[in-house]
1. Is it the case, given these coordinates, that residue 40 is over 18 Å from residue 19 (Cβ atoms) and free of Cβ contacts under 8 Å to residues at least 40 places away in the same chain?
2. Give 50, 98 a once-over and let me know the one that is more than 26 Å from residue 130 (Cβ to Cβ), among the aliphatic types (A, V, I, L, M) and in contact with a Lys or Arg (Cβ under 9 Å, 6 or more places away or on another chain).
3. Report whether or not residue 93 is among the aromatic types (Phe, Trp, Tyr), at pLDDT below 95 and in a helix (DSSP H, G or I).
4. Can you tell me which of (1) over 17 Å from the mean Cα position of the chain (by Cα); (2) over 15 Å from residue 20 (Cβ atoms); (3) part of a helix (DSSP H, G or I); (4) of a type outside the set (Lys, Arg) is the one residue 66 doesn't meet?
5. Tell me whether segment 31-42 contains one or more residues that are surrounded by 11 or more Cβ atoms within 10 Å (Cβ to Cβ) and under 21 Å from residue 9 (Cα atoms).
6. Is there a residue being surrounded by 14 or more Cβ atoms within 10 Å (Cβ to Cβ) and not hydrophobic (A, V, I, L, M, F, W, C) anywhere in segment 84-93?
7. Could you count how many residues in segment 9-30 are assigned to a loop (DSSP other than H, G, I, E, B) and either closer than 19 Å to residue 105 by Cβ or within 12 Å of the chain's Cα centre (by Cα) (or both)?
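The values are calculated or read from the model by the stated rules, or taken from the named source; none is laboratory data. These numbers were taken from a predicted model, which means no experiment stands behind them. Cβ placement follows ideal geometry from the backbone for every residue including glycine, while neighbour counts extend to all protein chains displayed.
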Amino acid sequence: MKNINDIELDLNNEIMDILHLEFVNIYNSVDLDSMESIRSSLEQLRTHSIYHFEIEEGIMNSISYPTKREHICEHNKILAEMQYFIDMKSNRFGQDMIKSYYTQKLPEWFDLHLMTMDSDLASYIKRHEDEEESNQT
């Protein structure tokens, strides 16, 4: 199981790094012994992710990021997944599923997304900024 606190957050992009730290802080605010806390934290993570993704997608649009479509599809997929678990019934099975999703799937997704899609986006942003800077000189 991936521990969200072991994930390297530094992409050398201030905006993205702050958004990722905010996600981790919300994630860590949960009381895993309380279903109400897990559900509330998941709702807060989804709300934050909508805001986070809007910012990233705005950046992608402004720099004509070439794999924007795939990145946005991944954003939409995780938002739908979060909503699915938020809406899950609170019976014993549903509670076990939500807790497993929160403790296992979300940290794994977050790590993979940062290592692949977001690190590529941060690298592309840096190259774009470097090109703009060299064109101005």
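1. yes
2. 98
3. Yes.
4. The number of the failed condition is (3).
5. Yes, because at least one residue in segment 31-42 is surrounded by 11 or more Cβ atoms within 10 Å (Cβ to Cβ) and under 21 Å from residue 9 (Cα atoms).
6. No, because not a single residue in segment 84-93 is surrounded by 14 or more Cβ atoms within 10 Å (Cβ to Cβ) and not hydrophobic (A, V, I, L, M, F, W, C).
7. The total comes to 3.
Yes/no matrix, rows are residues, columns are (1) under 13 Å from the mean Cα position of the chain (by Cα); (2) more than 19 Å from residue 28 (Cα to Cα):
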| site | (1), (2) |
| --- | --- |
| 58 | no, yes |
| 70 | no, yes |
| 74 | yes, yes |
| 98 | no, no |
| 115 | yes, yes |
| 120 | no, yes |
| 123 | no, yes |
| 126 | no, yes |
